[in-house]
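Beneath this line is the structure, given in structure tokens, with notes to follow.
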Amino acid sequence: MSFQSRLTCLAGGLTACLALVAGSTFAADSDTARLTKDPKNWAMQAGSLDNHRYSELKQITSKNAKNLQVAWTFSTGVLRGHEGGPLVIGDTMYLHSPFPNKVFAIALEDQSIRWKYEPKQDPTVIPVMCCDTVNRGLAYANGKIFLQQADTTLVALDAKTGNELWKVKVGDPKLGETTTNTPHVFKDKVLTGISGGEFGVRGRITAHDINTGKILWKAYSTGPDNELIVDPNKTMTWTDGKMAPIGANSSLKTWQGDQWKLGGGTTWGWYSYDPELNTVYYGTGNPSTWNPRQRPGDNKWSMTIFARDLDTGMAKWVYQMTPHDEWDYDGVNEMILADIKVKGKPRKALVHFDRNGFAYTMDRVSGELLVAEKYDPVVNWATHIDMKSGRPQVVAKYSTDKNGPDVNTKGVCPSALGTKDQQPASFSPRTGLFYVPTNHVCMDYEPFQIEYTAGQPYVGSTLSMYAAPNSHGGMGNFIAWDAGTGKMVWSKPERFSVWSGALSTAGDVVFYGTLEGYLKAVDLNGKELWKFKTPSGIIGNVTTWEYKGKQYVGVLSGIGGWAGIGLAAGLTKGTEGLGAVGGYKDLAKYTELGGVLTVFALPDR
């Protein structure tokens, strides 16, 4: 109890003291941060609060990775896109599936199912999910498992029994609102977002009490200052080469009329947290519609990095990466917090590989823009980021706004999938490098006029996608990146986009999966050490843990997601799936539907 609390207690007598004690117990911090410090666990989807996706385990090394073999497998019983990955706490694994969002508690000893939870959801939510029925995984804290269902229900389950403890709805599928993100537990709160940027929803993030589900704060991406939870005089942004206050009505000024109410800015990505700064970081998605002519202005604060106080939700700083987005370059990709040297100077950095093809290195304390460079040389929609204004310098030829509705703007790189979508990168403190799964895809983009109808698609554009021309012929690369200098260290080409979350380890091995279904291990120079063909394409994230002295590596396979939506949903027309069906039509030659966790280990001696 703090000194101020003691004073309150003395002044108010026994009743006040009991209230303070009860309140402090009620708001006790979660054990999540402690559990992530033990590398035997994999206690968060990203492995840690700072989104490193790195493990200190080193039984599997660059010398013996070639000997990896299957230890066991588990089928989820669902045939759609499997994103995210399992959690491992002690002797139990917690595994999820796409819709209907099953949850399994699996005993590591014999892989028996300790309990299973399958929520009852209205299947009419499926057509409202833009890019497959994916779910990005579970969260754990204080003996509870948190599941964010597709129908926007956030559920807390007893980790021992699977019994429901509480549940709360955070959206309305009838308005096009769904949820695909993992919940994130920081301190005494569980944070969640919203999907539906292609349905004209209004993006926001909500913080809930982990014990009751009660909403503690809700912050929108667009609209008036009080609903954004910003202070016009204290919330800062990068402008004219320095940090400055955003000013009053910073969002409203950048929208025409009430378009901000349909403004998108959804929050379905990965969040990170700095306990020393008590700051949570996340990104917002595309503005609605995809036809830029229908929403003149910068459309703030879509496409934005937010840094918020965890306790109050107040925004400390913001940075908009793609003002007045014309290409669907959602800004939701993970914010990786790393203490690195930037241009020779130690910095508490935030590193973000944006869909727009630029890798940003920010000072996560102040919000200063430090580095912004292309992480795929084919990126052509902008020449560079002006470091004084922080704005991309758009090439007129590739501006879908300048070219106008019903004009097909051809050869835009990257495609709407981005140079990287949500598939998270890994940071290795051993090397100081970031290992990044990327897309190497370009597009043709033709916007058209569209009217809003609640619960119906509000896209307003037709897309075609294809491998980047005049390159290696593939649709992806796996790269190593130096965020301190903004330079690529090496690049390993792949036939298709690398849509799997990466993992780096203290054994000097980096893992990732491919859309054909290979789990691959490479060394710190990108040399392939080992690969194994899993039952289906991999869009899951690689994880690792230790049980009874043995290190395991696991990954979900199950083709789907945006890139694999053609296979997952049985679509055949090239422009379907927001353009992905035609671009990835050859996937059918290499994989089929599935839903299996495959676990690997070294053979017993």
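The values are calculated or read from the model by the stated rules, or taken from the named source; none is laboratory data. A quick note: this is a predicted structure, and the numbers were derived from the prediction, not measured. For neighbour counting, all protein chains shown are included, and Cβ atoms are generated from backbone atoms with ideal geometry for every residue, glycine included. All accessible areas refer to the heavy atoms of the entire protein, side chains included, with ligands and DNA or RNA removed. Shrake-Rupley method; radii C 1.70, N 1.55, O 1.52, S 1.80 Å.
Residue check: is D231 touching a residue at least 24 places away in the same chain (Cβ under 8 Å), over 24 Å from the mean Cα position of the chain (by Cα), surrounded by fewer than 20 Cβ atoms within 10 Å (Cβ to Cβ) and under 15 Å from A307 (Cα atoms)? I'd like the intermediate steps shown before the answer.
On the way: touching a residue at least 24 places away in the same chain (Cβ under 8 Å): yes; over 24 Å from the mean Cα position of the chain (by Cα): yes; surrounded by fewer than 20 Cβ atoms within 10 Å (Cβ to Cβ): yes; under 15 Å from A307 (Cα atoms): yes.
In short, yes.
Give the number of residues within the stretch 98-130 that are modelled with pLDDT under 95 and part of a strand (DSSP E or B).
1
Condition first: open to solvent by 10 Å² or more (accessible area, probe 1.4 Å) and part of a strand (DSSP E or B). Now tell me which residues in the stretch 540-562 satisfy that. Lay out the reasoning, then the answer.
Residues of the stretch 540-562 open to solvent by 10 Å² or more (accessible area, probe 1.4 Å): 546-550, 552, 562.
Within the stretch 540-562, E546, Y547, K550, Y552 meet the criteria.
Considering each of A248, A244 in turn, give the residue that is among the small types (G, A, S) and in a strand (DSSP E or B). Steps first, answer last, please.
On the way: A248 fails: in a strand (DSSP E or B).
Answer to the selection: A244.
Say whether the condition of being under 21 Å from Y584 (Cα atoms) and either within 22 Å of the chain's Cα centre (by Cα) or at pLDDT below 95 (or both) is met by at least one residue in the stretch 446-456.
Here is the first cut: in the stretch 446-456, the ones under 21 Å from Y584 (Cα atoms) are 446.
Retained after the next criterion (residues that are either within 22 Å of the chain's Cα centre (by Cα) or at pLDDT below 95 (or both)): none.
No, the stretch 446-456 has no match at all.
Go through the residues of the stretch 67-83 one by one and say whether even a single one is modelled with pLDDT of 95 or more, within 23 Å of S504 (Cβ to Cβ), part of a loop (DSSP other than H, G, I, E, B) and within 23 Å of the chain's Cα centre (by Cα).
Looking through the stretch 67-83, at least one residue is modelled with pLDDT of 95 or more, within 23 Å of S504 (Cβ to Cβ), part of a loop (DSSP other than H, G, I, E, B) and within 23 Å of the chain's Cα centre (by Cα).
In this structure, does D586 turn out to be among the acidic types (D, E) and assigned to a loop (DSSP other than H, G, I, E, B)? Step through it out loud before you land on a result.
Details: among the acidic types (D, E): yes; assigned to a loop (DSSP other than H, G, I, E, B): no.
No, not satisfied.
Can you find a residue that is under 22 Å from S415 (Cα atoms) and surrounded by fewer than 24 Cβ atoms within 10 Å (Cβ to Cβ) anywhere in the stretch 271-286?
no
Of the residues W217, W260, W238, which is within 17 Å of F306 (Cβ to Cβ), under 26 Å from the mean Cα position of the chain (by Cα), modelled with pLDDT of 95 or more and not in a strand (DSSP E or B)?
On the way: W217 fails: not in a strand (DSSP E or B); W238 fails: not in a strand (DSSP E or B).
Result: W260 is the single residue among W217, W260, W238 that is within 17 Å of F306 (Cβ to Cβ), under 26 Å from the mean Cα position of the chain (by Cα), modelled with pLDDT of 95 or more and not in a strand (DSSP E or B).
Of all strands (runs of 3 or more DSSP E) completely enclosed by the stretch 156-207, which ones contain at least 3 residues that are over 19 Å from the mean Cα position of the chain (by Cα) and surrounded by fewer than 21 Cβ atoms within 10 Å (Cβ to Cβ)? Even if it seems obvious, please write down each step before you answer.
Working: elements: 164-169, 184-186, 189-192.
The strands (runs of 3 or more DSSP E) meeting that bar are 164-169.
Can you name the condition, by its number, that T438 falls short on among (1) surrounded by 22 or more Cβ atoms within 10 Å (Cβ to Cβ); (2) under 16 Å from T462 (Cα atoms)?
So T438 meets the others, but not (2).
Restricting to the stretch 297-324, count the residues that are polar (S, T, N, Q), farther than 22 Å from H208 by Cβ and open to solvent by 10 Å² or more (accessible area, probe 1.4 Å).
Start the filter on the stretch 297-324 by keeping residues that are polar (S, T, N, Q), which leaves 299, 302, 304, 312, 320, 322.
Checking the rest, the ones that are also farther than 22 Å from H208 by Cβ come to 299, 302, 304, 320, 322.
Filter once more, keeping what is open to solvent by 10 Å² or more (accessible area, probe 1.4 Å): 320.
Total meeting the criteria: 1.
Do you know which residues across the stretch 460-507 are touching an Asp or Glu at 6+ places or on another chain (Cβ under 8 Å), over 20 Å from R355 (Cα atoms) and buried (at least 19 other Cβ atoms within 10 Å of the Cβ)?
Matches in the stretch 460-507: T505 only.
Tally time: how many residues in the stretch 84-93 are buried (at least 24 other Cβ atoms within 10 Å of the Cβ) and part of a strand (DSSP E or B)? So that I can check it myself, show each step before the final result.
Step one: list which residues in the stretch 84-93 are buried (at least 24 other Cβ atoms within 10 Å of the Cβ), which gives 84-88, 93.
Subset that is part of a strand (DSSP E or B): 87-88, 93.
Residues meeting the conditions: 3.
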